[in-house]
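Report on one structure; see the data block that follows.
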Amino acid sequence: MERSCEQALAIGLPAIAFTDHADFVKVHPGQYCVDIAGYLEAVERCRAKFKNLRIHTGVELGEPHWFPEETRQVLGVGKLDHVLGSVHCVRISHRVLDASQLAHTPAVDPREFVPRYFTETLAMIEGGQPFQTLAHLDYPKRYWREYREQDFEEQLRGILAAAARRDLVLEVNTTRGKMLCPSLAVVRWWHQAGGKAVSFGSDAHDPAKVAAEFEQASAMVEAAGFKPAAEPTAFWRR
Ligand SMILES: [Zn+2]
């Protein structure tokens, strides 16, 4: 975290948010649920050390609608500025599969997986768990080269309408470089759905990648009709 703060200052960011994982499904050996109390202590240490940087707190809840009690426990530890809701997994053929496993799971057709993923995302939004930001909306495209958002326009528009009804923030995730997640067409649908705000997430599991591709993401979001909003919200708004 300290190295990420150093990087943020080096590239001129006014603020940074750490949204570590609260994963309750364990499909990868490295998956974990953040220790929120320890995390908040680490944020305080960074705030004391980097006084010129605003450091926002947060968490990324994985499939919170499957785990309401675990979610309640995580969020009960302390106040967080940014709570992200994300879907990584769907239940398919009697197992829980993360989209990242698609390439190694030839038995599962991405054409079957992706619609289920979007159905799960809608269920998460309508499940009412207390998150504010919808993370990496079309996450499976990282693992399926033939993905085209227009093939799923109806489902995506349904998700975006539900997110707008809840007044969620749509994250533009830049972790795959030029392949923004979601891309311009979908952010335009978000604007058309009445979506009010967009945030940027570099999903930087590495300090060197903090805010990577944010310039490209800013230009895209602006082209879709959003403008930067003043701190402390950190979002772009319509
Ligand atoms: Zn995620």
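Under the simplified labelling scheme, the Q150-L13 pair shows an inter-label distance of 3.5 nm, with each label point 7 Å from Cα along Cα→Cβ. Under 24 Å of direct C-alpha separation, and excluding same-chain neighbours fewer than eight residues apart, K209 reaches these lysines: K49, K51, K141, K178, K227. Which residues among the range 166-209 fall inside the zone where the amide N is under 12 Å from a point 7 Å beyond the Cα of R237, along Cα→Cβ? Within reach of a label on R237: 196-198. Distance from the alpha carbon centroid of the range 139-161 to that of the range 170-238 works out to 17 angstrom.
Report the Stokes-Einstein translational diffusion coefficient (µm² s⁻¹, integer) for the range 132-205, Rh taken as the Kirkwood radius over Cα pairs, at 10 °C with viscosity 1.306 mPa s.
129 µm²/s
By the count of other C-beta atoms within 10 Å, a proxy for reagent exposure, W144, W190, W236 are ordered fewest to most as W144, W236, W190. Relative to the 2.2 N^0.38 Å rule of thumb, the range 21-153 has a C-alpha radius of gyration ratio of 1.18. When R157, R165 are arranged by Cβ crowding within 10 Å, least crowded first, meaning fewest neighbours, the order is R165, R157.
Based on DSSP, what percent of beta bridges with both residues in the range 1-124 are antiparallel, to the nearest 5?
30 percent
Using just the C-alpha positions of the range 1-95 as equal point scatterers, what log10 of I(q)/I(0) does the Debye formula give at each q in 0.11, 0.14, 0.19 1/Å? Calculated log10 I(q)/I(0) at the listed q: -0.38, -0.58, -0.91. Multiplying the residue separation of V27 and D167 by 0.36 nm and removing their Cα-Cα distance gives an extension gain of 47.3 nm.
Each of L9, L160 was scored by other Cβ atoms within 10 Å of its Cβ. Listed from fewest to most, they are L9, L160. Between E215 and R3, the contour length at 0.36 nm per residue exceeds the alpha carbon distance by 74.2 nm.
Computed log10 I(q)/I(0) for the chain at 0.09 Å⁻¹: -0.36, from the Debye equation with unit scatterers placed on every C-alpha and solvent omitted.
Taken over the Cα atoms of the range 164-204, the convex hull encloses 52 Å³ per residue.
Every number here is computed from the coordinates shown, using simple stated rules; none is lab data. Source: prediction; values computed, not measured. Backbone-built Cβ (ideal geometry, glycine too); neighbour counts: all protein chains shown.
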